[in-house]
1. Using the alpha carbons of segment 66-136, what is the convex hull volume per residue in cubic angstrom, as a whole number?
2. At a temperature of 20 °C and a viscosity of 1.002 mPa s, determine how fast the chain diffuses translationally according to Stokes-Einstein, using the Kirkwood radius over alpha-carbon pairs as Rh; express D in µm²/s, rounded to the nearest whole number.
3. Normalised by the number of residues in segment 66-136, what is the relative contact order in percent for Cα pairs under 8 Å and 6+ residues apart?
4. Might you report the magnitude of the Cβ-based charge dipole of segment 66-136 about its Cα centre, with Lys and Arg at +1 and Asp and Glu at -1, to the nearest 20 debye?
5. What is the magnitude of the charge dipole of segment 16-80 about its Cα centre, with +1 placed on the Cβ of each Lys and Arg, -1 on the Cβ of each Asp and Glu, and no other charges, expressed in debye to the nearest 20?
6. Between Thr72 and Glu100, what length comes free when the chain is fully extended (0.36 nm per residue of separation minus the Cα-Cα distance, one decimal in nm)?
7. Order these peptides, 13-22, 137-146, 168-177, by their mean beta-carbon neighbour count within 10 angstrom, highest first.
8. Below 14 angstrom from the Cβ of Glu183, what's the summed charge of the other residues (Lys, Arg +1; Asp, Glu -1)?
Amino acid sequence: MQALARSYLARIRAAHPTGRYTLAGWCLGGPLAYEIALQAHADGEGDRIDDVILLDPPRAETPTNSHDILITHIHNACPHQTRSIVVEALAATEQLGIPERAAALVARLGLAGPGSSDYPLLGQMLMRLGDHAAMDSWRPTGQLPHLRLCLPQAVTPGSENAGESWRSHAAALTVTVVPGDHESMLTSEELHRALTAPCDSHPHQANGR
């Protein structure tokens, strides 16, 4: 995760060498945004960051049930398959590297079937497998000056008590709950208002979510 954050921070600096910016990450992108912010602060560039916003992130801890979470995420990408078939496909491809495993999962689980190209699904598989590999070795450390969490009303498995778990990683933590679930929250008007409101307008506290 730290190496991935360093790579993204370099890209941010190249594209935006001066001025202020906001970091935001959805799902497993939340811990990545947090790590990017930590590294920017460690490099003396923390004053360039206006805000750090995590959208329904996992808890701020190394997951103890990472395999179950991976099963759920792969199943969400292939809702036409049963969970048991997803479990079998993951077991059969466990020894493969991420690119090869992603391709094998698409062949086994994709609607098009073996031998057909499904590049959108392949992209999802690569992203999910890569994110889970990063999370498996992640150990959150350090504290940011301020952090905002936006969580859906429908609690996502793996994100229970997310607000409390992130409390020690920010001097000022704000939690906003918006309508929807992990995906539908992204289109809610309440989320748009929360994201566009100035950071200083929010009470700096966690509500237990």
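Here, each number is a calculation from the coordinates, and none is a lab measurement. Because the structure is a prediction, the values reported are computed rather than measured. All Cβ positions, glycine included, derive from the backbone under ideal geometry; neighbour counts span all protein chains shown.
1. 76
2. Using the Kirkwood radius from Cα pairs, D works out to 118 µm²/s.
3. 33
4. Value, rounded to 20: 160 debye.
5. 140
6. Here the segment from Thr72 to Glu100 would lengthen by 8.1 nm.
7. Ranked by mean Cβ neighbours within 10 Å, highest first: 168-177, 137-146, 13-22.
8. Neighbourhood net charge equals -1.
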